[in-house]
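The values are calculated or read from the model by the stated rules, or taken from the named source; none is laboratory data. Computed from a predicted structure; not experimentally measured. FYI the Cβ positions are ideal-geometry reconstructions off the backbone, even for glycines, and counts take in every protein chain you see.
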């Protein structure tokens, strides 16, 4: 399933509450046995501990997995800083390879553009790393629409990670990426850090250091009310909330891949039912122009309208 990736941001037990290492490892192993082969990570996540968890599943499986990692963000004490100069991107890659125990990445992406470095310089470094054989492909993330059209060549299909879901409607970025086949749009935070999940937590449930406390959507009263109103509608449909959100995202043919981030086998099991629901609802990947109409018919007009009319925070 090249369009179905697993994210690892939360696996290192930092910023999202404590993480059970044994459970995380069991979840990753189960994901592989269930057919997942694309994994997205970054040395930045949990100060490298997420990468360390990922490294534990690479042994004897490296050729079967597609490993994506990112560079461009660094820690300075407790502060996050943008560093996407050539030296730092190279050093981050080498440190990532060492911790993963591999000599190449399938894809290395610019995590965020560095405001102090021309984007062309960062991209030039990524291309050089590809030429040197340290990475198979290069990509970008979190670029605005106008930057894509200015800096990403046409017909290159560069992977671009985009924040998009019913609450963050980045349609302009997705459209710009698909124009002239510039990008493959890979969706990050499809479940908005749990807000679009049955495992969601409210602010009262989050620890003082939980990163989600800085997510403005957790503080938005209109979104919280929309989320509350969604629950009874979703229960009438029988489709799990996570699956509804992912199907909504995939109903746009400007989306090429989704990257949810389960932390447990229970969460993974729910995500694994996505393909079963696609089959049950007669949704075919190469016919996504019909998805929205079919989904509206199958889950109900009221529910589908509610998803479409979520408060737009972009």
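Taking strands (runs of 3 or more DSSP E) as the structural unit, those lying wholly within the stretch 31-127 and holding at least 2 residues that are under 28 Å from residue 271 (Cα atoms) correspond to 38-40, 66-71, 105-110. For the stretch 76-106, taking the residues that are under 13 Å from residue 121 (Cβ atoms) and in contact with a helix residue (DSSP H, G or I) (Cβ under 6 Å, 6 or more places away or on another chain), the one that is surrounded by the fewest Cβ atoms within 10 Å (Cβ to Cβ) is identified as 86. Summed over the stretch 148-167, residues that are surrounded by fewer than 20 Cβ atoms within 10 Å (Cβ to Cβ) and touching a strand residue (DSSP E or B) at 6+ places or on another chain (Cβ under 9 Å) total 4. Residue 49 - would you say it is surrounded by 12 or more Cβ atoms within 10 Å (Cβ to Cβ), free of Cβ contacts under 8 Å to residues at least 40 places away in the same chain and more than 27 Å from residue 37 (Cα to Cα)? For residue 49, the condition - surrounded by 12 or more Cβ atoms within 10 Å (Cβ to Cβ), free of Cβ contacts under 8 Å to residues at least 40 places away in the same chain and more than 27 Å from residue 37 (Cα to Cα) - is not met. Residues in the stretch 296-311 that are surrounded by 11 or more Cβ atoms within 10 Å (Cβ to Cβ) and either out of contact with any helix residue (DSSP H, G or I) (no Cβ under 7 Å at 6 or more places or on another chain) or not in a loop (DSSP other than H, G, I, E, B) (or both): 296, 297, 298, 299, 302, 303, 304, 305, 306, 307, 308. Within the stretch 170-197, the set of residues being out of contact with any strand residue (DSSP E or B) (no Cβ under 9 Å at 6 or more places or on another chain) and at pLDDT 95 or above comprises 171, 172, 175. Of the residues making up the stretch 277-295, those that are more than 21 Å from the chain's Cα centre (by Cα), over 15 Å from residue 245 (Cβ atoms) and not in a loop (DSSP other than H, G, I, E, B) number 8.
Scanning the stretch 258-293 for residues that are out of contact with any helix residue (DSSP H, G or I) (no Cβ under 9 Å at 6 or more places or on another chain) and surrounded by 20 or more Cβ atoms within 10 Å (Cβ to Cβ) yields a total of 1. Selection within the stretch 58-69: residues that are crowded, with 22+ Cβ neighbours inside 10 Å and touching a helix residue (DSSP H, G or I) at 6+ places or on another chain (Cβ under 8 Å). The member of this set that is nearest to residue 83 (Cα to Cα) is 69. Of all residues in the stretch 10-43, those satisfying the criterion of being within 15 Å of the chain's Cα centre (by Cα) and modelled with pLDDT of 90 or more are 36, 37, 38, 39, 40, 41, 42. From the list 34, 55, the one residue that fits, being farther than 16 Å from residue 137 by Cα, touching a helix residue (DSSP H, G or I) at 6+ places or on another chain (Cβ under 7 Å), surrounded by fewer than 19 Cβ atoms within 10 Å (Cβ to Cβ) and without any contact (Cβ under 8 Å) to a residue 60 or more places away in the chain, is 55.
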